[in-house]
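Scroll down for the structure; my scribbles are underneath it.
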Amino acid sequence: MKKYQLRTKTDDILNRFPALCKRLEGAERTPQAADAPPVLCLGADLEKAGACLAVQCGLGGPVGLGTLTRATVLELLAALRARGWRCVLGLEVCGFGWSFQRELRAAGTEVLTFATEALTGRRKTNTRDAAALARLVGDRTVHGNTTTSRLVREPSPEEQQRRFLSRHRGQLIALRGKIEAHGRGLLLDFGRLDFPDCWWGKKMWPRLVAQLTAAGEDWLREALAPQRAMAQAVHAQILELDTRLAVVAAQTLTIPLPHGLGQLTALTACLEVMDWQRFSNRKKVGSYIGCAPSEHSTGPGQLLGGIDRQGNRRLRSLLTEAIWRLHRWEPRWQGFGKWGTVIRDTQGSSVRKKKAVIACVHLLFIDLWRLFTGRADLGFTGPPTTA
């Protein structure tokens, strides 16, 4: 009599990938340690339609499974865990947030999120990136190589909501600048060169209207009126966010700040870093901001280039502006003791001045880490008093 074996849902999902099933069966026949389950290293290149998945089993190369929906990925991982495998999945930071990582962890999968970098050289495809991520996971999980790539600290939902305030404010400021530039371009296109700065503002708009009316260009005033309405609406949202950020700053900033740094700058830095205790030494602090020099060295030769820009770009631009304010209000800070002569040289090279500012940004971020972690009181003294 012929025997029939019932097929489960787990078998159905795995049978869609015969190459993976063959690797799993070969690995399961190999003797394993009794105290630890076998490890599957997975790499996923996340996109809107789902994720391009690759699986590395043992010491073999990654097996590409193609692009699967998020629900199919969760179903496949559940089937692999039911078969007795420990699943570790690697993702690259992207613009799809952190919800998928939380779903994976809630389902019992270990997730590693790597910083964005060139994974496959000049030829880049989703399949290649997924395989490269699977190899990175294998290096860390199987071989214990923790320096193979940079892991990203994932924010909690509460940290994301708080960080949204400062990031959304920056986006609104950029949007207001685009609207203002649109109106400015319209004025310049029709020969109006004497219009006031911030032409849409409460004080400057009546002056601009008077100029256009006197010149008989009422149509230009009517064309600018919708632009002004949009700029004012965006400006009102910025002011509302400033009020909300002031409340958050009163709860977050509990130590005295250097004169000239600014409450909003310090708060934005804290929201971007999320946890100053995450860094164990100043080298990690300096590399996080992306102001470390790039390097191409081999043998005894060492070639240093421009900054690698591998860190938080918002912090770089934020602290670059802060350097110029501190240069006025804290001229005796240690960074200006090293680079202040170059920054103050009005006849010097602009390239050297930019390098000096970036070096000061690097030192300032390290000093802020020391300040917010209580490692040192930096002794900011303010501007020198004049007799």
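The values are calculated or read from the model by the stated rules, or taken from the named source; none is laboratory data. This one's a predicted model, so the numbers in the text were calculated from it and none came from an experiment. Because the Cβ atoms are built from the backbone with ideal geometry, glycine has one as well, and the counts that use them run over all protein chains shown.
Do you know which residues across segment 145-191 are under 30 Å from ARG105 (Cα atoms), of a type outside the set (D, E, K, R) and part of a loop (DSSP other than H, G, I, E, B)? Full working, then the answer.
Taking segment 145-191 first, the residues under 30 Å from ARG105 (Cα atoms) are 145-168.
With the extra rule that they be of a type outside the set (D, E, K, R), the set shrinks to 145-149, 151-152, 155-157, 160-161, 164-166, 168.
Residues satisfying the conditions are ASN145, THR146, THR147, THR148, SER149, VAL152, PRO155, SER156.
Out of the residues in segment 125-144 that are assigned to a loop (DSSP other than H, G, I, E, B) and farther than 15 Å from ALA54 by Cα, state the one that is nearest to the chain's Cα centre (by Cα).
Within segment 125-144, the first condition is being assigned to a loop (DSSP other than H, G, I, E, B), and the residues that meet it are 125, 142-144.
Add one more test, that the residue is farther than 15 Å from ALA54 by Cα, and what stays is 142-144.
Working: VAL142: 28, HIS143: 28, GLY144: 26 Å.
Among those that are assigned to a loop (DSSP other than H, G, I, E, B) and farther than 15 Å from ALA54 by Cα, it is GLY144.
Quick one: is ARG169 surrounded by 17 or more Cβ atoms within 10 Å (Cβ to Cβ), outside the structural domain of PHE279 (by TED's automatic domain parsing), within 20 Å of CYS270 (Cα to Cα) and of a type outside the set (Ser, Thr, Tyr)? Yes, satisfied.
Of all residues in segment 93-128, which are acidic (Asp, Glu) and modelled with pLDDT of 90 or more?
Step one: list which residues in segment 93-128 are acidic (Asp, Glu), which gives 103, 110, 117.
GLU103, GLU110 - these are the residues of segment 93-128 that are acidic (Asp, Glu) and modelled with pLDDT of 90 or more.
Answer yes or no: is there a residue in segment 255-265 that is at pLDDT below 95, loosely packed, with under 14 Cβ neighbours inside 10 Å and within 38 Å of the chain's Cα centre (by Cα).
Filtering segment 255-265 down to residues at pLDDT below 95 leaves 255-265.
Filter once more, keeping what is loosely packed, with under 14 Cβ neighbours inside 10 Å: 255-256.
From what is left, the residues that are within 38 Å of the chain's Cα centre (by Cα) are 255-256.
Yes, some residue in segment 255-265 is at pLDDT below 95, loosely packed, with under 14 Cβ neighbours inside 10 Å and within 38 Å of the chain's Cα centre (by Cα).
Can you tell me which of ARG162, ARG184, ARG86, ARG128 is among the basic types (Lys, Arg) and under 30 Å from GLU272 (Cβ atoms)?
It is ARG162.
Scoring GLY348 on the criteria (1) farther than 19 Å from ALA266 by Cβ; (2) loosely packed, with under 13 Cβ neighbours inside 10 Å leaves a single failure, condition (2). Of the residues that make up segment 235-243, is at least one of a type in the set (A, V, I, L, M), over 37 Å from the mean Cα position of the chain (by Cα) and either surrounded by 15 or more Cβ atoms within 10 Å (Cβ to Cβ) or not in a helix (DSSP H, G or I) (or both)? Within segment 235-243, not a single residue is of a type in the set (A, V, I, L, M), over 37 Å from the mean Cα position of the chain (by Cα) and either surrounded by 15 or more Cβ atoms within 10 Å (Cβ to Cβ) or not in a helix (DSSP H, G or I) (or both). Exactly one residue among ARG313, ARG325, ARG375 is in contact (Cβ under 8 Å) with a residue 60 or more places away in the chain and among the charged types (D, E, K, R), and that residue is ARG325. For segment 249-357, the helices (runs of 4 or more DSSP H) that sit wholly inside it and include 1 or more residues that are in contact with a Lys or Arg (Cβ under 8 Å, 6 or more places away or on another chain) and of a type in the set (Val, Ile, Thr) are 263-273, 334-344.
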